[in-house]
Amino acid sequence: MSDSGPGAILESMAGIQDVSLVREFVAAVIALAVFVLTAPRGRRWLAWWPAALLVLAPLPLAAASLFPGTATAPLATSFGVRFFLVASLLQSLLLLAAVSGWERIGSPMPRIFLDVLRIVALAAALVTILFEAGVKAENLFTGSAVLTAVLGFALKDTLGNVFAGLAIHAEHPFEVGDWIQYDAVAAHIGRVVEINWRATKVITLDEAYVIIPNGQLAQASIRNFTKPEPWSRRSLFVIAPYEVPPQRVQRVILDAIRGSFGVLDHPAPSVVTNDFKERGVEYWVRLFTNDFDKRDRVDGMARDRIWYAFARQGIEIPVATQQLRISRLPPAVAESPDEAVARREACLAGIGLLEPLGPGRLRDLAELAAERVYAADEPVIRQGDAGDSMFVILSGRVAVTVRQPDTAAVRLAELVAGDYFGEMSLMTGAPRSATVTALDETRLLEVGRESFRSILAAEPGLVERLGAALQARQAQRARAIAGAERPLPESQDLLSRIREYFAT
């Protein structure tokens with residue numbers, strides 16, 4: 001009786017398919033090695049599939065050892081080993097063509113296309129081996145028609161998702177990293193993190209991980225907030241009183257949001273009168289941002305800027321009116337007008353530049369000055385802008401920066417309560433020589449040109465004393481910033497500029 005164990009099986013195989021198997025094995029190994037050596041950086045991990053097929057190639061040998069007495073075991077084992085070797089070879093050739101070749105001259109092929117091509121290559125290997133095993137083509141395809149129909153009906157949703165995924169990759173309505181709204185619900189917005197053969201995965205602003213079937217996306221109207229341009233428009237709605245002219249409100253809003261966090265200068269923001277409400281006039285603020293993932297912060301900080309700007313300009317945001325029945329409580333103790341003037345006078349008395357005015361004139365100036373509040377990170381004045389006032393810091397902090405042509409902004413100083421700035425524009429009308437930005441919520445006392453005009457008209461001799469004090473202040477500042485600004489004017493030139501400015 002002949003030996004029918006595993007040794008006989010291997011011996012039989014060696015006699016039948018040894019040369020072809022060795023050839024196919026060597027070809028598969030060479031194709032895999034060539035891909036690993038030629039694949040672009042970051043794409044070599046794709047070699048795991050053909051490598052896994054090579055590792056599985058001995059599996060039919062182990063299976064044949066379980067049935068040593070079967071007459072057809074050597075032939076079946078040979079065809080099984082050949083299937084894995086041919087499949088590995090086709091997979092490696094596919095990767096060489098689609099990745100090592102195509103991706104060096106074109107864009108990377110989407111993973112879903114690679115997955116489909118892999119399945120096609122696997123099916124081609126199976127059909128090839130079955131043909132070699134003697135299975136006729138008509139039996140192979142027509143005999144499985146019923147099974148194919150049953151599987152197609154059972155997998156119609158899955159197949160629909162696969163074809164929808166292929167359409168998404170072909171049409172490119174969005175890509176990984178884009179922000180999309182994936183259905184009619186406005187809150188359903190997320191950043192695309194993966195597009196595979198069955199579904200698209202997004203992460204929302206709430207850090208929720210959402211998996212959306214591709215078939216559902218193919219039937220939905222998708223809004224892409226980062227295509228075709230990286231910026232997207234944000235809309236804010238603000239109510240202002242009917243008494244304030246619309247064009248003034250629009251100017252105040254535009255100036256307020258300029259430079260706010262995330263707000264782009266190009267495309268430029270705009271404001272239009274949108275509607276007339278019971279509370280007041282509704283204004284539609286349109287701004288653009290590249291920081292769509294931070295859109296809540298962009299909107300919030302723009303609203304902060306608008307609130308502070310309205311407060312400085314005396315524009316009250318109307319509130320909804322309701323008829324309420326309330327109990328009158330004792331009024332809170334508020335600062336009287338005289339106390340407010342005295343507090344501002346004490347603040348102005350500490351300004352060396354204003355020492356020539358004397359107590360009486362300081363009180364007049366305190367009565368005419370106005371208090372302004374600025375939000376954190378909001379610019380108070382900008383370098384190069386026209387100006388006719390100076391500011392005294394009542395509370396908070398500001399940063400002073402200067403930008404020279406073709407250079408980055410240089411931070412000169414940080415000013416705190418009791419410091420002042422903008423005096424050159426107040427006295428001569430010169431453009432602002434620096435940008436001053438609030439670091440915290442900052443309250444300022446603004447002294448305007450008209451306040452000084454009335455004082456100088458009553459006492460013309462103050463011009464020489466104020467001019468001398470301003471000259472000393474400017475010389476001290478020039479030494480502090482080591483030439484960051486243009487040279488200072490001579491004393492006589494400065495006095496003539498002050499007289500000319502207040503004479504107009």
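Observations
- Cβ-Cβ FRET estimate between VAL272 and LEU59, R0 fixed at 51 Å, reported to 0.05: 0.10
- Stretched out straight at 0.36 nm per residue, the stretch from ALA186 to VAL26 would grow longer than its current Cα-Cα span by 51.9 nm.
- The orientation-averaged projected area of the convex hull spanned by the Cα atoms of the range 277-418 comes to 14.5 nm².
- Loop trypsin sites (Lys or Arg not before Pro), the range 381-448, which have at most 15 other Cβ atoms in a 10 Å radius of their Cβ (DSSP): ARG403
- 5 angstrom amide H check on LEU412, placed H, neighbours 5+ away: VAL400, THR401, VAL402
- For VAL416 and ALA370, the difference between the fully extended length at 0.36 nm per residue and the C-alpha to C-alpha distance is 14.7 nm.
- Of VAL210, HIS188, ALA220, farthest towards positive along the dipole that unit charges on Lys, Arg, Asp, Glu beta carbons give the range 173-224: ALA220
- Rounded to the nearest 20 debye, dipole of the range 399-452 from Cβ charges on Lys, Arg, Asp, Glu: 160
- For ALA417, the residues 5 or more places off, or on other chains, whose built amide H falls under 5 Å of its own are GLY396.
- Long-range HN-HN contacts of ASP178 with modeled amide H, under 5 Å: VAL192
- Net charge in the neighbourhood of VAL281 (other residues with Cβ under 15 Å of its Cβ; Lys, Arg +1, Asp, Glu -1) is -1.
- Highest to lowest packing among 249-261, 209-221, scored as the average C-beta count within 10 Å: 249-261, 209-221
- Charge context of PHE35, other residues only, Cβ under 11 angstrom, K/R +1, D/E -1: +2
- Note on the range 261-308: Rg/Rh from C-alpha atoms, Kirkwood Rh, equals 1.02.
- Near VAL392, once Lys and Arg are set to +1 and Asp and Glu to -1 for all other residues with Cβ below 13 Å from its Cβ, the sum equals -1.
- Positive-end ranking of ILE455, ILE351, VAL341 along the dipole of the range 337-503, with charges on Cβ about the Cα centre, is headed by ILE351.
- Remark: relative contact order (the range 337-503) = 27 percent; criterion is Cα-Cα distance under 8 angstrom and separation of 6 or more residues.
- Between the alpha-carbon centres of the range 359-402 and the range 248-306 there is a gap of 24 Å.
- The 3J(HN,Hα) values that the Karplus relation (6.51, -1.76, 1.60; θ = phi - 60°) gives for the range 41-53 are, in residue order, 4, x, 10, 5, 4, 5, 6, 5, 6, x, 5, 5, 5 Hz. Gly and Pro appear as x.
A short reminder: the numbers here are calculations on the coordinates, not readings from a lab. Because the structure is a prediction, the values reported are computed rather than measured. Because the Cβ atoms are built from the backbone with ideal geometry, glycine has one as well, and the counts that use them run over all protein chains shown.
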